[in-house]
1. Among strands (runs of 3 or more DSSP E) lying entirely in region A:23-107, which contain 1 or more residues that are surrounded by fewer than 22 Cβ atoms within 10 Å (Cβ to Cβ), within 14 Å of another protein chain (Cβ to nearest Cβ) and among the β-branched types (Val, Ile, Thr)?
2. Just the residues that are at the interface with chain A (Cβ under 8 Å from one of its Cβ atoms), within 23 Å of residue B:171 (Cβ to Cβ) and not aromatic (Phe, Trp, Tyr), please, taken from region B:78-106.
3. Inspect region B:268-282 for any residue being free of Cβ contacts under 8 Å to residues at least 12 places away in the same chain and surrounded by fewer than 21 Cβ atoms within 10 Å (Cβ to Cβ) and give the result as yes or no.
4. Do we find that residue B:179 is part of a helix (DSSP H, G or I), under 30 Å from residue B:221 (Cα atoms) and either touching a residue at least 60 places away in the same chain (Cβ under 8 Å) or more than 12 Å from every other protein chain (Cβ to nearest Cβ) (or both) in this structure?
5. Just checking, which of A:208, A:194 is over 27 Å from residue A:322 (Cα atoms), outside any helix (DSSP H, G or I) and out of contact with any Phe, Trp or Tyr (no Cβ under 9 Å at 6 or more places or on another chain)?
6. Please work out which residue is surrounded by the fewest Cβ atoms within 10 Å (Cβ to Cβ), limiting yourself to region B:310-329 and to residues that are in a strand (DSSP E or B) and hydroxyl-bearing (Ser, Thr, Tyr).
7. Output the qualifying pairs, or none if there are none: Cβ atoms under 6 angstrom, residues six or more apart or on different chains, first residue in region B:190-205 and closer than 9 Å to residue B:63 by Cα, second residue among the charged types (D, E, K, R).
8. For residue A:149, work out the one condition from (1) basic (Lys, Arg); (2) assigned by TED's automatic domain parsing to the domain that holds residue A:337; (3) not in a helix (DSSP H, G or I) it doesn't fulfil.
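The values are calculated or read from the model by the stated rules, or taken from the named source; none is laboratory data. Only a predicted model underlies this, so the values are computations on that prediction, with no experimental measurement involved. Quick reminder, even Gly has a Cβ in these numbers, built from the backbone with ideal geometry, and neighbours come from all protein chains shown.
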Amino acid sequence: MQLIKSLELLSNAAGAGGLTDAADTAQAILSKYCDTVERDALGSVIGRIDCGKKDAKLLLLEAHIDEIGLIVTRIDDNGFVYAENCGGVDRRALAAAEVLIHGDKPYVGVFCSSPPHLKKEKDKDKLPDISDMGIDVGMSAKQARECIRPGDCITFRPNFKKLSNTHVCGKSMDDRAGVASIIYCLEFLRKIELCCNIAVVFAVQEELGCRGSAVSAYRVAPDFAIAVDVSFAYTPDADKSKCGVLGKGPMIGYSPTLDFDMTKKLRSLADDNNIPYQNEVMGGTTGTDAESISDARTGTKTALLSIPLRYMHTPNEIVDIRDIENAGHLMALFAQEGVSRL
Amino acid sequence: MIDTLKKLCSIEGVSGRENKVCEFILARLKASPADIDVSVDALGNVIADVKGNNRTHKKIMFAAHMDEVGFIITDATDDGYLRFSPVGGIDSAVVFGRRVRINKHIGVIAGKAVHQCKDDEKNTVPDFDKLLIDVAADSREDALKIARPGDVAVFDSEFTILPGGLIKARALDDRAGCALLLYLASHTPQYDITLTFTVQEEVGLRGAKTAAFGVSPDIAVVVDSTTAADTAGVKPEKHVCRVGSGPVISFMDKRTLYDKNLYDQIFCTAQREGVAVQAKTAVAGGNDAGAIHLSRTGVRVAAVSLPCRYIHSPSSVISKKDLEQTAKLLDSLVTDFAAIEDTV
């Protein structure tokens with residue numbers, strides 16, 4: 001239950017672009033588990049737990065704290081706010097979507113949807129560019145310009161909701177689900193005697209090109225790292241072979257960029273401890289923070305766990321709590337048994 | 001009135017399932033200090049005869065519809081998703097990525113991640129026939145425990161006051177009209193009037209047909225919500241009407257050519273009362289007047305509408321000021337329409 005509460009707080013917090021609310025929320029939770037917690041120059045949260053043992057290895061657990069959103073570019077003379085992507089928002093989900101514009105305070109706005117009678121037959125099914133879609137904030141141009149400025153960030157309106165005993169739905173489960181799994185892991189580790197040092201990074205700017213994790217990994221300089229992100233869960237319109245399934249366990253990533261020994265270790269720990277998991281095999285890069293961590297400094301052995309998620313980059317991302325728990329459990333086993341054997 | 005509207009918008013009432021809205025309206029009518037005789041016809045229309053301070057030989061009817069657009073469940077897939085059809089004119093462009101309420105459960109309508117879409121899929125509005133409702137069920141059996149074929153769903157959308165005195169909610173079309181009619185019922189009007197809260201407007205003005213037959217009015221005023229296209233990037237000549245510029249008066253739409261004398265009278269009344277009104281500047285859409293004016297031997301009709309942005313979407317937007325001004329105008333129209341010259 002505590003996991004769901006944490007996830008609700010994290011999902012509802014704003015973390016697009018330079019917004020720090022989500023990082024503040026994550027830092028507050030993380031500080032209960034860590035000896036020290038700090039922020040780096042870009043704004044990522046870094047926590048550390050010292051096991052007190054000589055020559056202990058350092059394991060980094062990483063998830064990104066930012067979310068997809070938009071950034072205000074201009075306000076037109078009728079008070080409509082225009083924005084550009086700040087991460088890869090799904091344009092199909094924008095018409096009539098509710099957002100929060102983080103001006104001098106958060107303002108609710110609605111993405112304009114053009115009435116069907118104004119659409120030409122040939123363009124009827126064509127989605128407009130984001131830069132042409134205004135946001136209605138109910139204000140005149142003068143009012144709007146006083147409290148909203150170019151550069152202000154926009155997120156979807158907080159909307160966390162439990163759908164069933166195990167499914168939850170809300171904005172920015174990508175990657176607050178990953179953040180929550182690391183917190184769940186720390187809850188496990190709190191009860192045991194650690195044999196390695198732990199660093200936790202909740203990185204900014206993943207959605208803008210995995211930037212935060214690169215500098216955080218440089219600072220932490222770990223021996224091993226596990227990145228936790230989300231990946232595609234099957235929906236009936238998708239290719240089954242390219243998706244995981246919600247509720248069937250975290251997805252263990254296989255990629256040329258990931259350390260195969262670590263990956264195999266995660267897999268055998270899951271097998272030995274009856275933790276459900278799925279395999280996610282990628283022929284090239286993973287498109288996650290795992291890459292930017294693995295090539296920091298002289299290189300870090302890195303593995304990737306992904307929480308299956310439906311409707312990525314829409315306001316209603318769905319995840320299964322059991323997958324988050326199992327990812328957390330698996331990371332705890334790796335910290336406990338895996339590190340010393342690699 | 002805002003509080004009444006908020007309550008009305010919290011009730012689910014897709015076409016053909018207006019009973020909860022009906023119950024709320026009946027309770028409000030019962031609580032009114034005015035002398036009101038209420039009946040409900042076979043289709044579910046609420047018909048309320050409100051006794052005024054004065055008699056008139058004309059029967060004046062006001063109509064607003066209780067139903068709203070939504071979705072009807074047609075089946076479930078083996079994967080545990082619900083299949084559905086839209087009820088009423090919903091543009092599929094506002095459906096993808098939205099949340100719906102269904103039998104007290106929450107569902108999500110979306111599809112595969114944008115990352116997995118081909119270019120044309122990324123740039124195209126998804127078709128209704130490709131969309132499903134995700135109710136977090138693992139099997140067909142579990143999905144059918146949540147909703148069965150024939151059950152209905154509505155957009156999940158919180159009633160929110162935006163800056164600038166705007167209201168954002170679903171179902172403002174036409175709970176706003178219902179709230180205005182309840183306002184008319186909250187005090188004794190100058191003349192006798194009949195208020196009809198109709199069913200099934202969104203599926204072809206069906207309730208209004210039987211209600212008008214039952215009431216047999218001389219004059220009918222339809223109080224509905226209408227498309228305001230004064231939104232981002234739309235040229236002024238395409239606005240149709242504007243939120244915040246007052247009640248919208250129709251001269252013609254796709255279903256009705258409105259009575260010219262009533263149309264002119266509304267502008268005179270508005271000017272005298274200091275209410276800013278606007279003409280609907282496009283021949284588009286239609287409302288209960290389409291059914292009412294063809295009832296029996298014909299009925300003189302007028303439409304006074306609330307300008308509404310993003311109508312039939314989860315995030316419809318109207319203005320509090322427009323709502324208040326419309327209430328004021330309707331009050332005055334009771335007197336002026338009672339006095340208006342008969343045409344036959």
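1. Details: elements: A:36-39, A:45-49, A:58-64, A:69-75, A:81-86, A:98-102.
Once the strands (runs of 3 or more DSSP E) in region A:23-107 are filtered for at least 1 residues that are surrounded by fewer than 22 Cβ atoms within 10 Å (Cβ to Cβ), within 14 Å of another protein chain (Cβ to nearest Cβ) and among the β-branched types (Val, Ile, Thr), what remains is A:69-75.
2. Result: B:89, B:91, B:93, B:94, B:97, B:98, B:99, B:105, B:106.
3. yes
4. On the way: part of a helix (DSSP H, G or I): yes; under 30 Å from residue B:221 (Cα atoms): yes; either touching a residue at least 60 places away in the same chain (Cβ under 8 Å) or more than 12 Å from every other protein chain (Cβ to nearest Cβ) (or both): yes.
Yes.
5. A:208
6. Out of the qualifying residues, it is B:319.
7. Sorted first by the residue in region B:190-205, then by its partner, the pairs are B:194/B:49; B:198/B:288.
8. The failed condition is (2).
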